[in-house]
Amino acid sequence: MADRLMDAWGDYIVALRSNEGFKEDLYDRLVSVLRDCAPEWRDAEAIPKLAVNVLVDIVSVSQAVAESYSEPVRQRVYEANFELYDLIVECVGAAPS
């Protein structure tokens, strides 16, 4: 799972950093992988260190890259960040007992 997440994140952020614009297909792939990770990691005592590195970077790095774009791409990246944040919480937030 962590490798899939790393690959999806890498493809998504490289496109943004390379000024290719917001690629919906790459974003959708990242979202799909995060959704697959959530049930596996939500109540786990630990998740792979590689996955933690990616999860920590997703919102902050995307936010920083968004600043290099003008509207409407910048706004789309901001919206995506809110969605990605919610998915990250689903991945690491323990269910209440």
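The values are calculated or read from the model by the stated rules, or taken from the named source; none is laboratory data. Small disclaimer: the values here were computed from a predicted structure and weren't measured. Cβ sites come from the backbone with ideal geometry, for glycine too, and all protein chains shown count toward neighbours.
Some values worked out for this structure:
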| read-out | value |
| --- | --- |
| Selected residue [within 18 Å of Arg17 (Cα to Cα) and within 14 Å of the chain's Cα centre (by Cα)] from Val52, Val92, Val73, Val77 | Val77 |
| Single match in Asp36, Asp3, Asp43 (criterion: surrounded by fewer than 16 Cβ atoms within 10 Å (Cβ to Cβ) and in contact with a Lys or Arg (Cβ under 9 Å, 6 or more places away or on another chain)) | Asp36 |
| Top-ranked residue in segment 69-97 [being over 21 Å from Asp7 (Cα atoms) and at pLDDT below 95; ranked as surrounded by the most Cβ atoms within 10 Å (Cβ to Cβ)] | Gly93 |
| Contacts under 6 angstrom Cβ, first residue in segment 2-21 being under 21 Å from Arg42 (Cα atoms), partner β-branched (Val, Ile, Thr) and part of a helix (DSSP H, G or I), 6 or more apart | Arg4/Val33; Leu5/Val33; Leu5/Val54; Met6/Val54; Ala8/Val33; Trp9/Val54 |
